[in-house]
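For reference, the structure I am asking about is given below.
What follows is calculated from the coordinates using simple rules that are stated; it is not laboratory data. Since we're looking at a predicted model, the values are computed, not measured. All Cβ positions, even for glycine, are placed from backbone atoms using ideal geometry, and neighbour counts span all protein chains on display.
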Amino acid sequence: MSPEAPRNCDLCPRLVTYRKANEKAHPDWFNGAVPSFGEDTARILIVGLAPGMTGANRTGRPFTGDWAGDLLFGTLAKFGFCDGHYDKRSDDGLKLRHAMITNAVRCVPPQNKPIGAEINACRPFLSSRITSLKGLKAIVCLGKISHDSALRALGVRLKDYPFGHGVEYEIGAIRLISSYHCSRYNTNTGRLTEEMFDRIFERVRDIAAA
Ligand code: URA
């Protein structure tokens with residue numbers, strides 16, 4: 001199984017319909033299954049929710065061009081996981097160092113909310129991505145949907161590994177660390193502060209370096 005969905009993936013009827021509408025409204029946007037971004041030698045895999053409508057769905061690179069990306073790429077730079085300058089475009093030349101970013105669902109969902117069937121349909125790509133990374137030490141899940149899908153991809157029971165901000169679990173050879181999602185909503189409401197996000201990546205840096 002490929003770790004990447006084809007750009008015109010047709011597994012989820014609702015997401016295909018949404019893509020077609022977006023192609024009509026914004027023919028110059030990416031409008032497809034957004035591939036993972038980063039290195040095959042990644043020690044950390046960051047798992048987001050799904051492409052943002054005007055972010056990854058427009059630019060074709062996870063978290064690129066929206067609010068969540070400003071905080072995520074800024075934090076990755078702070079903790080040494082980026083080379084180059086993030087400029088909100090997929091051709092900004094940014095490279096990840098020892099890291100990869102992917103999404104639990106690869107196509108933009110209406111209202112930013114994938115349904116269960118879509119999360120399940122997309123999981124084989126996540127599972128395959130996880131097993132493809134031979135040097136993987138940590139998975140960083142952004143939000144509960146990502147956390148639950150990563151647990152299912154790893155083949156463990158959800159009730160044994162509950163979601164919370166800052167939880168850390170050892171699952172086989174992998175550390176799974178979860179955070180509240182770095183969305184505009186969560187940061188505007190104070191559910192997630194920059195300091196809280198920094199603490200997550202401080203820990204991830206230590207795991208990646210060990
Ligand atoms: N952009 C992404 O690619 N994923 C998210 O979870 C949010 C924004």
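Would you mind computing Rg(Cα) / (2.2 N^0.38 Å) for the chain, counting N as its residues? Numbers along the way, then the final one.
On the way: Rg = 15.8 Å, N = 210, 2.2 N^0.38 = 16.8 Å.
Here the Cα radius of gyration is 0.94 times the empirical estimate.
Given R₀ = 30 Å, FRET efficiency for ASP10-LYS113 by Cβ-Cβ distance, to 0.05?
In this case the efficiency is close to 0.90.
Within a Cβ distance under 15 Å of ALA77, other residues only, what is the Lys/Arg minus Asp/Glu net charge?
With Lys, Arg at +1 and Asp, Glu at -1, the neighbours total -2.
Also, I was wondering about something else. Computed FRET efficiency, Cβ-Cβ of ILE207 and MET1, R0 35 Å: what is it to the nearest 0.05?
In this case the efficiency is close to 0.85.
Among the listed pairs LYS134/LYS159; LYS24/LYS113; LYS113/LYS159, which have their C-alpha atoms separated by more than 25 angstrom in this model?
As for pairs spanning more than 25 Å Cα to Cα, those are LYS134/LYS159.
Residues in region 1-37 near a label at ASN120, defined as backbone nitrogen under 18 Å from the 7 Å Cα→Cβ point?
10-16, by backbone N distance to the label point.
Cut-off under 15 Å on the C-alpha distance; same-chain residues fewer than 8 positions from LYS20 excluded. Which aspartates and glutamates are left, in chain and number order?
Partners within reach: ASP10, ASP28.
Can you put PHE125, PHE197, PHE79 in order of Cβ neighbours within 10 angstrom, beginning with the fewest? Write out the running numbers ahead of the final one.
Details: PHE125 25, PHE197 22, PHE79 19.
So the ranking, lowest neighbour count to highest, is PHE79, PHE197, PHE125.
How far, in nm, would the chain grow between ARG199 and GLU168 when pulled straight, counting 0.36 nm per residue and subtracting the alpha carbon separation?
Roughly 9.9 nm would be gained on extension.
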